[in-house]
Amino acid sequence: MIPYYIDTHAHLDGEEFAGDLPSVIQRAKEAGIGAIFVPGVDRSSIDSVMHVCREYQGFCFPMIGLQPEEVKADWQEVLQVMRKSLENNLQLPSSSPLRYIAIGEFGLDFYWSREFEKEQLKAFEQQVEWAVETRLPLMIHCRKAQNELLHILSHYENELTGGVFHCFTGNQKEAEAYLRFSRFVLGVGGVSTFKSSHLREDLPASVPLNRIVLETDSPYMAPVPHRGERNESSFVKLVLANLAHCYQVSEEEVARVTTDNVLRVFGQSKALVQALTPSSVAE
């Protein structure tokens, strides 16, 4: 039997799941998932993320952050609101399943536009400083901005507890640049199953399995054979199976190692550690 494993990135608070979230959660549990991490992306997600995590306490765990594509002219105001929410939330004990487990999703994204480049850079660095101050790990979004992002991050490298470079789809050179940050791991999702993806070759060639965590980024980027459909957390099992094939190890080994990686990065959350004990997962 495959051990439990974790979907480290799923936007279950999105309207795409408004009609059937209980069924989505049930399918995830039946697929062997032990926990799901729900990232924040904007001001409205502060409440929507917490609503989902309150409804499924001990299974869904919240994050807070301003996703770079959501950085607009009002970014400072939004971060002020998030900062207040973060301060209030961290009054909860580390044993609370409603305590934020990471700062995220945040980062840099210049794929479509550099209109708010300066604002993105400032917002990114401010949230990195939150992570330093709170000792929380980071959930980082980076697209067409690796050089700028790693330049900023390098100034804080020794002060950060670790984190995830979410939705990794890069090449070996890009992977090696990320992995220089020794307390960070790469989030791998459905793109790794696409026929056109080079990750099947690049990941085993440049990324040890102990530097990978599983994710879906639901409802986006569903793995084969569900490509083009709404993604959901139960599909992370397909990512796991693909990684087992790529690394030529068993699915059980991928589940075990990636779960260990999650606990290494996010283990400051006593609630998460409790949720992932065998007796808790079996319930």
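No lab work stands behind these numbers, since they all come straight from the coordinates. What you are looking at is a predicted structure, and each value in this text was computed from that prediction instead of being measured. Quick reminder, even Gly has a Cβ in these numbers, built from the backbone with ideal geometry, and neighbours come from all protein chains shown.
Of the candidates Ile25, Ile36, Ile103, which one comes out as most mobile in a Gaussian network treatment of the chain with C-alpha springs shorter than 10 Å?
Fluctuation is largest for Ile25.
Tell me the mean residue ellipticity at 222 nm calculated for the chain from its helices only (DSSP H runs of n ≥ 4, each -39500 (n - 2.57), averaged over every residue, nearest 500). Write down the numbers at each step before the final one.
Values: 11 runs with 118 residues, N = 283.
Using -39500 (n - 2.57) per qualifying helix, the result is -12500 deg cm²/dmol.
Between Asn147 and Ser196, what is 0.36 nm times their sequence separation minus the Cα-Cα distance? Round to one decimal in nm. Before the final figure, lay out the partial values.
On the way: separation 49, 0.36 × 49 = 17.64 nm, distance 2.49 nm.
Between Asn147 and Ser196, full extension yields an extra 15.1 nm.
What does the charge count around Arg183 come to, taking other residues whose C-beta lies under 9 Å from its C-beta (Lys +1, Arg +1, Asp -1, Glu -1)? Walk me through the numbers before you get to the answer.
Details: positive: Arg264; negative: Glu157.
Neighbourhood net charge equals 0.
Using a Gaussian network model on the chain with a 10 Å cutoff between Cα atoms, which of Ala255, Ala18, Ala271 fluctuates the most?
Ala18
What shape does the chain take by its C-alpha gyration tensor, where a ≥ b ≥ c are the square roots of the eigenvalues and a/c under 1.5 counts as rounded, a/b above b/c as prolate, and the rest as oblate?
Details: a/c = 1.42, a/b = 1.13, b/c = 1.25.
Rounded, because the longest to shortest axis ratio a/c is under 1.5.
Go through Leu150, Val132, His166 and say which Cα lies farthest out towards the positive end of the charge dipole of segment 126-168; charges sit on Cβ, +1 for Lys and Arg, -1 for Asp and Glu.
Checking the options against the dipole of segment 126-168, the answer is His166.
Rounded to the nearest Å, what's the spacing between the alpha carbon centres of segment 172-215 and segment 21-72? Just the number, please.
The distance from the Cα centre of segment 172-215 to that of segment 21-72 comes to 23 Å.
Would you grab the residues whose amide H sits under 5 Å from the one on Gly187? Only those 5+ places off in sequence or on another chain, please, with H modelled 1.01 Å from N.
Counting only residues 5 or more places away or on other chains, the set is Phe165, His166, Cys167, Phe168, Val213.
Nearest 20 debye, what's the magnitude of the dipole of segment 1-120 about its Cα centre given +1 on Lys and Arg Cβ and -1 on Asp and Glu Cβ?
Working: 10 positive and 19 negative charges, 104 e Å.
My answer is approximately 500 debye.
Counting other Cβ atoms within 10 Å of each Cβ, which trypsin sites (Lys or Arg not before Pro) in segment 195-283 have at most 10 and sit in a DSSP loop? Mind showing how you got there, number by number?
Numbers: sites: Lys195, Arg200, Arg211, Arg227, Arg230, Lys237, Arg256, Arg264, Lys270; in loops: Lys195, Arg227, Arg230.
Those satisfying the criteria are Lys195.
Using a Gaussian network model of the chain with C-alpha springs under 10 Å, which one of Ser192, Ser23, Ser206 is most mobile by mean-square fluctuation?
Highest fluctuation among the options: Ser23.
Given the options Pro204, His11, Gln67, identify the residue whose Cα lies farthest towards the positive end of the charge dipole of segment 5-271 (+1 on Cβ of Lys, Arg; -1 on Cβ of Asp, Glu).
So the residue furthest toward the plus end is Pro204.
Can you give the extra length, in nm with one decimal, that the chain gains between Lys72 and Ser154 once fully stretched, where that is 0.36 nm per residue apart less the Cα-Cα distance? Present the calculation step by step, with values, prior to reporting the outcome.
Details: separation 82, 0.36 × 82 = 29.52 nm, distance 2.50 nm.
Taking Lys72 through Ser154 to full extension adds about 27.0 nm, to one decimal.
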